[in-house]
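The values are calculated or read from the model by the stated rules, or taken from the named source; none is laboratory data. What you are looking at is a predicted structure, and each value in this text was computed from that prediction instead of being measured. Note that we place each Cβ from the backbone using ideal geometry, even for glycine, and neighbour counts take in every protein chain shown.
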Amino acid sequence: MVLALALLLSVSLVLYLAEQRQQQQQRQVAETASNFTYALQQELSRELSAAHALAAFVRQQDGDISQFNQFARKLFPYYKNVTAFSLAPGGSVAAVYPLSDNQNLLGYEILTDPQQAAAAKASIASNTINVTGPYQLKQGGEGVIGRLAIYSDPAQQVWWGLVNVTLRLADLNSLARLDSMQQQGLQFRLTRLSSDHSAPELIRQSDTEIFKQPLIQSIALGDTNWQLQLVPKSGWSNKLILYRQLALAMLFSVMLAALVAQLIQTRIHKYQLETLVSQRTAALHTELQRQKSFISASNTGSWEFKQQTNQLYGGFEYYAQLGYNQAEFANNQPNNLHECWTNLIHPADKAQACAIFQQYLQHSEPDSIYENTFRMRHADGGWRWILSRGKSLLDEHGWKTGLSVGIHLDITARKEAELQLQLLARIFEQSSEGVLITNAEQKIVMVNNAFSKISGYSAAEVMGKNPKILASGRQDKSFYSNMWQAIASQGSWQGEIWNRRKDGTPYPEWLSVSQITDEHQLVSHYVALFSDISQYKEDEAQIKFLANYDPLTQLPNRSLLVDRTEQALMHAKRNSQPFAMLLMDLDRFKQINETLGHEMGDELLIQVAKRLRKLCRAEDTLCRLGGDEFVLVLPEADANSAAHLAERMLPLILQPYYLDDHELNLSMSIGIAMYPEDGQKFHQLYKHADIAMYRAKESGRNRYSFFTADMQQFHTRNLLLENALRRAIDRNQLSLVYQPQYSLVDQQLFGFEALLRWHHDDFGQVSPAEFIPLAERSGLIVAIGEWVIITALQQLAQWHNSGYRQLNMAINLSSIQFRQENLQQFVYNAIEFSGVPANCVELEITESAMAEQPEKAIALITGLRASGLNIAIDDFGTGYSSLSYLKRFALTKLKIDQSFVRDLLKNSQDKAIVRAIINMAANLGLKTIAEGVETEQQRDLLIQLGCDEIQGYYYSKPLPAGQASEFIQQQLQSNT
């Protein structure tokens, strides 16, 4: 019985140990397969990452591959196992690097090659790197090809072509491990799985045929899968060893029977066995502590995840690497550590990290390795990059047990270093400043894109050469000697220097040179940063020009005029010589500018400047101060010389100007101030010349005038009046008087003309003939005119409200008011506010105002008439009258100027003019009104000539509002 039981136990033990040995062997083989898979994936991923760099190059160049060789030459040294880079626009290889040994690739049609077409099309469809092969390469040898499709417009899915990265299998370090597996007693077969489920493509296998039941490891490469099969040469079980063990078991059973008899000796051995167990337990504890030390020293945190309960457990280091205490963390966080894990992940990484983990748990192969990279929040509030790796534990049948174990590795430093290197590389290549790096022997070892853009040299053309090839020859040896002395003593130098481009053109640059030392403080490199400052130099010259010259006419401006005048003043004072300043202003230039446009006005100014230049001596200074104002400084010139020059200028300016099919006539007014009698400083001479110029304009334009003391008094009064006029409205100094207007048909009062008056406390009653031109020149006429319209309409409204609704109101508009864009709207609003009917309001406009811009005047008058207002031409016959335009104006009345009425009884010409005006108005359907009627005889003659209405002292002088109201009452009473 004892023997049978012993046999049963011993055989069972032998079989159990054989199974454990087989499982251990399978785990070792699985670990070998996983290590090989990881090494192969890392190596291929690293080498094939060049495809992304090449794709980025093609997109950056918008599909232009002319710079491919230069780019590939820089990229190629970083990928030691790559045989060739190639670009295939439309599937046809058009560029390859290196060209030597790879020339037969050019023109190769990938999509028509039966061997590679399917894989290439799969790469286009997947839009990821597709690894195909092995192939017999066109350039010789066996290899694999990584392909990546490029889309010139990813949004529109516009396919550009393929990027190809070729690797020889013989060059892959990871494949060399397969040979070492064979030396370890393993048989292997490495194949590529086809996407169409056809027979796998053999990549490499061991010398002998592989046994049954191989361990299979899937290898994911982009959207391509490889498969590794491994099995020991002797299989998973050795029957000879098993038989020997069974024989020993039987022998052991026999011996066990004998051992039973030796119970006493067994008890002695029990103590020895307990001692041995204790020793082994201590050894296991030591080994466990040793493994924990390894984990702690490697800054690795271990974790376990139970899928059934969704529970995650972490070791001490798991928490420590994130700055947490394991016990404190457990007390302050939810019991579910998996929930804590997801909460600690960076928001930008959370979705992908959780998805990858769940994908591994639910859909991965049993022996596959879990790997993920994400950021986790540290206790200090920062973020740490974590590399998480793990594996699902399997049962004896190779099924997942639901328990996964793994580690967390802090790779923050590595990630930050990678990002910093990427940033530095981008800065180097994308910097707008040129960068040139030499070794200690001053041989160029590196340049960036900006260097090539500025200098015209490609990197290949300057590599290994001395930077002297850029020298322009404008700096002598002493300059460079001082520069290198500064670099040697101070470590750096910067300054402006002239260099020469590849095409031979010199250019200025701002250069900064620094020396770089190694750990032994020996110079290892020199770094030069430079920027092309040609544009800066041009801008600087342009700024200097603009500071002193008028960009339109190229004449000196005010700044240079002041400087030249001061020099002329010093010269004149030193030599007791006179000199003259002429200030010239074009007459009615603003009208031309507004009518024909500013471009035409600018061209006119240029031609005027050219004409004036012809009359200038070399020592004279002709300047443009802006607008249509020019100044000429004449050194060593007396009054006669200045007058003689002005007399030559006036007819020269009067000559016609031809601009774009326009013939223009222009005149000029000139003011002259003399040194020393009119001033001994620039501002005095300029001011007095300006006063004289305005006197010339007031005297009829197209003439010159010398400054006199009387002009100063006149100018001073005008300035004082202008300043006072600016405050006249606020101080209630303005008022309106109203002159009655009568109908000659029934001799009845039908309205008034509003006339402006100004009474100043110091100046007294100022004549409208004096202050209205001032208001027009200063622009105050707009505000004053609006006040007149509002006040006159308010007065008319009072009379209407008093029952005198038959009365009309005539209001004068200045030419400046007439040009205001908002005039029509303002008048409409004022009438609406006052409440008077629009047909009771008449606006009087001068001929000259309408003649300046006839088309605009027609549109404005038409709009005013459409609102119901009446429009009269004031002072008709005194200005430019065009019948062709007159009949187009929507007028209601012509006003005969008092200059024709005054001598109507004495002067036959005035009578003829008045008759002509009345007849013309009648023919055009217009009424006429004569102003300045002072006698009964004038009235009667106007009745005979057919005039419709009159106003003047014959009936009444202009009356203040109160007296006008009394006048109305008297007239109405007399009529009744």
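Values for this structure:
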quantity	calculated
Number of the exception - Ser667 against (1) within 24 Å of Glu770 (Cβ to Cβ); (2) modelled with pLDDT of 90 or more; (3) touching an Asp or Glu at 6+ places or on another chain (Cβ under 6 Å)	(1)
Residue count for region 775-785, restricted to those that are aliphatic (A, V, I, L, M) and at pLDDT below 85	0
Pairs where the first residue, in region 548-576, is of a type in the set (Asp, Glu) and the second is in a helix (DSSP H, G or I), C-beta under 7 Å, 6+ apart	Glu566/Phe682
Top-ranked residue of region 873-903 - restricted to ones that are in contact with an Asp or Glu (Cβ under 7 Å, 6 or more places away or on another chain) and modelled with pLDDT under 80, ranked as surrounded by the fewest Cβ atoms within 10 Å (Cβ to Cβ)	Tyr880
Unmet requirement for Lys306, which otherwise passes all of (1) at pLDDT below 80; (2) under 25 Å from Leu409 (Cα atoms); (3) surrounded by fewer than 16 Cβ atoms within 10 Å (Cβ to Cβ)	(1)
Test result for Asn127, polar (S, T, N, Q) and touching a Phe, Trp or Tyr at 6+ places or on another chain (Cβ under 9 Å)	yes
Answer from Asp678, Asp661, Asp690 - the residue that is free of Cβ contacts under 8 Å to residues at least 12 places away in the same chain and acidic (Asp, Glu)	Asp661
Single unsatisfied condition, Pro740 versus (1) without any contact (Cβ under 8 Å) to a residue 12 or more places away in the chain; (2) touching a helix residue (DSSP H, G or I) at 6+ places or on another chain (Cβ under 9 Å); (3) not charged (D, E, K, R)	(1)
Candidate set: region 423-458, residues that are assigned by TED's automatic domain parsing to the domain that holds Thr517 and of a type in the set (Lys, Arg); chosen: the one surrounded by the fewest Cβ atoms within 10 Å (Cβ to Cβ)	Lys453
Failed item, numbered, when Ser174 is tested on (1) of a type in the set (S, T, N, Q); (2) in contact with a Ser or Thr (Cβ under 6 Å, 6 or more places away or on another chain); (3) in a loop (DSSP other than H, G, I, E, B)	(2)
Region 383-402, subset aliphatic (A, V, I, L, M) and either touching a helix residue (DSSP H, G or I) at 6+ places or on another chain (Cβ under 6 Å) or buried (at least 16 other Cβ atoms within 10 Å of the Cβ) (or both), residue farthest from Asp349 (Cα to Cα)	Leu394
All positions within region 831-859 that are in contact (Cβ under 8 Å) with a residue 40 or more places away in the chain and in a loop (DSSP other than H, G, I, E, B)	Val836, Gln853
Matching residues, region 743-767, being more than 13 Å from Arg717 (Cβ to Cβ) and surrounded by 14 or more Cβ atoms within 10 Å (Cβ to Cβ)	Ser743, Leu744, Leu749, Phe750, Gly751, Phe752, Glu753, Ala754, Leu755, Leu756, Arg757, Trp758
Test: residue in region 916-930 that is buried (at least 16 other Cβ atoms within 10 Å of the Cβ) and in a loop (DSSP other than H, G, I, E, B)	yes
Selection count where residues are part of a loop (DSSP other than H, G, I, E, B) and more than 21 Å from Leu169 (Cβ to Cβ), scope region 107-145	4
Residue in region 722-740 that is at pLDDT below 85, farther than 28 Å from Ser965 by Cα and surrounded by fewer than 18 Cβ atoms within 10 Å (Cβ to Cβ) present	yes
Output for region 831-866, where each listed residue is surrounded by fewer than 16 Cβ atoms within 10 Å (Cβ to Cβ) and hydroxyl-bearing (Ser, Thr, Tyr)	Ser848, Thr862
Residue count for region 446-463, restricted to those that are among the hydrophobic types (A, V, I, L, M, F, W, C) and in a loop (DSSP other than H, G, I, E, B)	1
Residue pairs meeting the criteria (Cβ under 7 Å; at least 6 apart or on separate chains; first without any contact (Cβ under 8 Å) to a residue 40 or more places away in the chain and more than 23 Å from Trp383 (Cβ to Cβ), in region 404-433; second surrounded by 15 or more Cβ atoms within 10 Å (Cβ to Cβ) and of a type in the set (Gly, Ala, Ser))	Ser431/Ala450
Tally, over region 785-813, of residues that are within 27 Å of Ala930 (Cβ to Cβ) and either part of a helix (DSSP H, G or I) or touching a strand residue (DSSP E or B) at 6+ places or on another chain (Cβ under 8 Å) (or both)	18
Qualifying position, being under 30 Å from Gln26 (Cα atoms) and not aliphatic (A, V, I, L, M), among Ser180, Ser152	Ser180
Residue match in region 415-422 (condition: out of contact with any His (no Cβ under 6 Å at 6 or more places or on another chain), surrounded by 13 or more Cβ atoms within 10 Å (Cβ to Cβ) and either within 22 Å of Phe68 (Cβ to Cβ) or aliphatic (A, V, I, L, M) (or both))	no
Search result, residues across region 531-555 that are of a type in the set (Ser, Thr, Tyr) and modelled with pLDDT of 85 or more	Ser531, Tyr549, Thr553
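Yes or no, residue by residue, for (1) in contact with a Leu (Cβ under 8 Å, 6 or more places away or on another chain); (2) aromatic (Phe, Trp, Tyr):
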{"residue": "Tyr704", "(1), (2)": "yes, yes"}
{"residue": "Leu720", "(1), (2)": "no, no"}
{"residue": "Asn723", "(1), (2)": "no, no"}
{"residue": "Tyr738", "(1), (2)": "yes, yes"}
{"residue": "Gln741", "(1), (2)": "yes, no"}
{"residue": "Gln747", "(1), (2)": "no, no"}
{"residue": "Leu755", "(1), (2)": "yes, no"}
{"residue": "Ser767", "(1), (2)": "no, no"}
